[in-house]
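The values are calculated or read from the model by the stated rules, or taken from the named source; none is laboratory data. Computed from a prediction, not measured in an experiment: that's the story for all the values here. For neighbour counting, all protein chains shown are included, and Cβ atoms are generated from backbone atoms with ideal geometry for every residue, glycine included.
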Amino acid sequence: MSEQAPKGFFARFKELPVDSTPKTIFVAVTLCLFCSMIVSVAAVSLRPVQEANKVRDKQVNILQVAGLYEDGVDVAEAFAAFEPRVLELASGDFSADFDATTFDDRAAADDPELSRELVEDPASIGRQANFVTVYLLNDDAGNLDKVILPLHGYGLWSTLYGFIAVEENGNDIYGLQFYSHAETPGLGAEVDNPRWKSLWNGKRLHDDTGTLAITVDKTAPAAGADFHIDALAGATLTSRGVDNLVKFWMGEEGYATFLAKLKEGAV
Ligand SMILES: Cc1cc2nc3c(=O)[nH]c(=O)nc-3n(C[C@H](O)[C@H](O)[C@H](O)COP(=O)(O)O)c2cc1C
């Protein structure tokens, strides 16, 4: 009787029952690898689409805060009305050192060369970039009509990122809106409620003495209703965050120098 040659690893594996432990582990591992490959390929191939959507979303928000967004509008075409410029906060001057179409404000805030750690930090942002991208909008006659300024700060649960639209006089607010936050729907997330957003339209930043007077609170400040945005009901903490961040960005550490130049007509 001839002796049978010893079977190889794969032959022995093949002969195992389907519900054996090695085969169960093999199927589980193969399935995991296959699924993770699909997820990785999807993530990599969809990245350009995600980036394009992010850019479009930002453009939509800028159009909205400036009152230029309508359903069905060609976003890229409408956005061409804006001139992006990189602004140096300390001097209030535009910088020619960066390309405004590609400058990344958030990356700049993390870059020690382009940002500074805040000692007083009412907006709870930790670091502030020395440069930010602002958007200029001209009227039909080619004169400056509005500036759209980015701002951000902490609410109750999250950092709110948004834009404020200020008229060419550097004092009248056209609108404010946030495009990213994680406040609670129905409470802090009511910052997105069109009714609340509309409260910002026509409010003023500085009173007649030049003092920053804009306030988000349950009661109006001494300066009066022109400077008052009603705090959100049931969301005092988010409202306080918005009050802090607006005051911070409109103040000396933020756009004060630039706003003063706007008032002088020097932009
Ligand atoms: C689950 C949960 C989520 C909340 N989310 C928010 C929020 O996003 N923003 C906020 O200001 N308050 C939020 N609050 C309420 C605050 O804890 C606090 O009660 C409120 O800000 C007080 O506002 P009021 O003085 O207008 O009532 C939340 C409360 C709970 C229980």
Conditions (1) within 30 Å of Asn201 (Cβ to Cβ); (2) polar (S, T, N, Q); (3) at pLDDT 95 or above -> Ser115 fails only (1)
Output the qualifying pairs, or none if there are none: Cβ atoms under 7 angstrom, residues six or more apart or on different chains, first residue in the range 120-132 and β-branched (Val, Ile, Thr), second residue part of a loop (DSSP other than H, G, I, E, B) and crowded, with 18+ Cβ neighbours inside 10 Å. Val132/Leu89
Within the range 180-204, take every residue that is in contact with a strand residue (DSSP E or B) (Cβ under 6 Å, 6 or more places away or on another chain) and under 23 Å from Ala129 (Cα atoms) and give me the one that is farthest from the ligand (Cβ to nearest atom). Ser180
Based on this model, can you work out whether Ala90 counts as in the same structural domain as Val242 (by TED's automatic domain parsing), surrounded by 18 or more Cβ atoms within 10 Å (Cβ to Cβ) and not charged (D, E, K, R)? no
Does the range 76-93 contain any residue that is in contact (Cβ under 8 Å) with a residue 24 or more places away in the chain, assigned to a helix (DSSP H, G or I) and in contact with a helix residue (DSSP H, G or I) (Cβ under 9 Å, 6 or more places away or on another chain)? no
In the range 112-149, how many are surrounded by 13 or more Cβ atoms within 10 Å (Cβ to Cβ) and either at positive phi or in contact with a strand residue (DSSP E or B) (Cβ under 7 Å, 6 or more places away or on another chain) (or both)? 26
Among residues of the range 223-233 being within 18 Å of Gly202 (Cα to Cα) and surrounded by fewer than 18 Cβ atoms within 10 Å (Cβ to Cβ), the residue nearest to the ligand (Cβ to nearest atom) is Asp230
Out of curiosity, is Leu245 over 17 Å from the mean Cα position of the chain (by Cα) and assigned by TED's automatic domain parsing to the domain that holds Val86? no
For the structure I just gave you, tell me whether Val216 is assigned by TED's automatic domain parsing to the domain that holds Ala260, within 16 Å of the ligand (Cβ to nearest atom) and under 24 Å from Thr257 (Cβ atoms). yes
On the given criteria, is Asp139 more than 14 Å from the chain's Cα centre (by Cα) and more than 24 Å from Ile62 (Cα to Cα)? no
Is it true that Gln50 is polar (S, T, N, Q), surrounded by 11 or more Cβ atoms within 10 Å (Cβ to Cβ) and assigned to a helix (DSSP H, G or I)? no
Among residues of the range 177-214 being of a type in the set (Asp, Glu) and more than 18 Å from the chain's Cα centre (by Cα), the residue nearest to Trp249 (Cα to Cα) is Asp207
With the first residue restricted to the range 19-44 and required to be charged (D, E, K, R), and the second required to be surrounded by 10 or more Cβ atoms within 10 Å (Cβ to Cβ), Cβ contacts under 6 Å at 6 or more apart or on different chains are Lys23/Leu16
Look at Thr236 and say whether it is modelled with pLDDT under 95, surrounded by fewer than 21 Cβ atoms within 10 Å (Cβ to Cβ), within 16 Å of the ligand (Cβ to nearest atom) and farther than 24 Å from Asp145 by Cα. no
